[in-house]
1. Just to verify a result, which residue in the range 235-284, among those that are within 14 Å of Y373 (Cα to Cα) and among the hydroxyl-bearing types (S, T, Y), is nearest to the chain's Cα centre (by Cα)?
2. In the range 298-311, which residues are closer than 22 Å to S388 by Cβ and in contact with a Ser or Thr (Cβ under 7 Å, 6 or more places away or on another chain)?
3. Can you tell me which residues in the range 154-174 are of a type outside the set (G, A, S), touching a residue at least 24 places away in the same chain (Cβ under 8 Å) and more than 19 Å from R40 (Cβ to Cβ)?
4. Going by the conditions given, is S343 in contact with a His (Cβ under 8 Å, 6 or more places away or on another chain) and either open to solvent by 10 Å² or more (accessible area, probe 1.4 Å) or in a helix (DSSP H, G or I) (or both)?
5. What are the residues in the range 321-338 that are assigned to a helix (DSSP H, G or I) and either at pLDDT 90 or above or surrounded by fewer than 20 Cβ atoms within 10 Å (Cβ to Cβ) (or both), if any?
6. Hey, among G165, G117, which residue is of a type outside the set (S, T, Y) and open to solvent by less than 10 Å² (accessible area, probe 1.4 Å)?
7. Going through the range 223-245 one residue at a time, which ones are under 16 Å from E305 (Cα atoms), among the β-branched types (V, I, T) and open to solvent by 10 Å² or more (accessible area, probe 1.4 Å)?
8. Taking the range 72-110 only, how many residues are among the polar types (S, T, N, Q) and touching a residue at least 12 places away in the same chain (Cβ under 8 Å)?
Amino acid sequence: MMFFVFLRDNARWLAGGFLLTFFSSFGQTFFISLSAGQIRAEYGLSHGGFGTLYMVATLASALTLPRLGQIVDRYSAQKVALIIVPLLAAAALLMAVSSQIAVLAVSIYMLRLFGQGMMTHNAFTAMARWFSAQRGRAVSVITLGHNVGEAVFPLLFVLVAGLVGWRGSWVVAALVLVLVALPAVGALIAVERAPRASDPVARKVDAPDWTRGEVVRDPVFYLLLMGVMAPGFIGTTIFFHQVYLVELRGWSLEAFATSFIFMATMTVTFALVSGQLIDRFSAVAILPGFLVPLGAACLVLGLLEGQWSAFAFMGLLGISYGFSSTLFGALWPEVYGLKHLGSIRALTVAIMVFATAMGPGLTGFLIDRGVSYPAQIVTMGLYCFVTSFLMAYVAARVRVRALKAADLSATPRA
């Protein structure tokens, strides 16, 4: 009941954040890859050639994001949206009219930077600033925009492409961003959310404000990254090589594709569950456990050969995805404060994008060298379990540091 009251009282801001993540779909891999076949055919690219181009464009966007992402510390969420949504639309239009490899590369770079990168970055940073006691709930709600986009846009793209062609579909995407996303998001987040008397009393978990320079010199930051990068690296890697895995196991590709529905259901369910847990216990408190389901998922997929294991893998992966999607939106304010959150989050998002770009290439290289792919998956699972113990240590370090900071702030000055 309290959750529905929360939705009612904060509908405009949650809807604005939801639409930002929803329309970020135009820059996500699942959407861009819907045009992969036509792109390879028209540009004469092999699978490897297009994969390399895509990886380079994605890495370039990751390198740009730390500097560009700082604008969310200087401007309101609405002003940032009014900048990035038209640029994402321009990227979609550039994809539609491109005829040279260089133009194609620039369009993919822009789609990744302004879609996957800045749209999501702006939404998560705004929720972290606007909500304190209910930050977990807010992040869990807007995260659903990604899941709804994954469910809706592939079918819509196929239907539209059947009518106007794949290039025409990108023109339609650009028009949707300008005519629907831009005015809707701009209106919904025109007013910044301010604390209300009816808001629950927030637990004192936000850290003193760190600058990004201080963060990159903090050893705890790099330990955290070992856990934060794992879901994106592992999930993207396994999905990129899913056809190869299905062939190894002798599974039905259709059945494996069906298991994605189970994963999406579990992701949505546990994103909402984790939001409630974060608000009650803090993001740091659940940090040690979020990789355990992912580790179990990798062991199931790597060691078991029955078709049913694909569904077990997807279910466990969905649990970990649900926890991590909400956790990563709420964790950084608890560790490094709010003042420079935009620049810090931009750095972490860039590193996660880098990890997702490198994963498929690294595992593909090992496969070409004769390293067993199931053995690689098992190794990923073992990494998750080891890293879970490391995250328990990190959580303890962060708590001790927070207590020391609180004691210093409470000490009266002479």
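1. Among those that are within 14 Å of Y373 (Cα to Cα) and among the hydroxyl-bearing types (S, T, Y), it is T237.
2. Those that are closer than 22 Å to S388 by Cβ and in contact with a Ser or Thr (Cβ under 7 Å, 6 or more places away or on another chain): V300, L301.
3. Filtering the range 154-174 down to residues of a type outside the set (G, A, S) leaves 154-160, 163-164, 166-167, 170-172.
Narrowing the set further to residues that are touching a residue at least 24 places away in the same chain (Cβ under 8 Å) leaves 154, 157-158, 166-167, 170-171.
Selection gives V171 alone.
4. Working: in contact with a His (Cβ under 8 Å, 6 or more places away or on another chain): no; either open to solvent by 10 Å² or more (accessible area, probe 1.4 Å) or in a helix (DSSP H, G or I) (or both): yes.
When the stated conditions are applied, S343 does not pass them.
5. So the first thing to find is which residues in the range 321-338 are assigned to a helix (DSSP H, G or I), and the list is 321-336.
Answer for the range 321-338, where residues must be assigned to a helix (DSSP H, G or I) and either at pLDDT 90 or above or surrounded by fewer than 20 Cβ atoms within 10 Å (Cβ to Cβ) (or both): there is none.
6. On the way: G165 fails: open to solvent by less than 10 Å² (accessible area, probe 1.4 Å).
It is G117.
7. Residue satisfying the conditions is V243 alone.
8. Initially, the range 72-110 is screened for residues among the polar types (S, T, N, Q), giving 76, 78, 98-100, 107.
Filter again for touching a residue at least 12 places away in the same chain (Cβ under 8 Å), leaving 76, 78, 107.
The number of residues fulfilling the criteria is 3.
The values are calculated or read from the model by the stated rules, or taken from the named source; none is laboratory data. Because the structure is predicted, anything quoted here is derived from the model rather than measured. In this analysis, Cβ positions are derived from the backbone assuming ideal geometry, glycine residues included, and neighbour counts consider all displayed protein chains. In case anyone asks, the SASA skips ligands and DNA or RNA and just uses the protein heavy atoms, side chains included. Shrake-Rupley method; radii C 1.70, N 1.55, O 1.52, S 1.80 Å.
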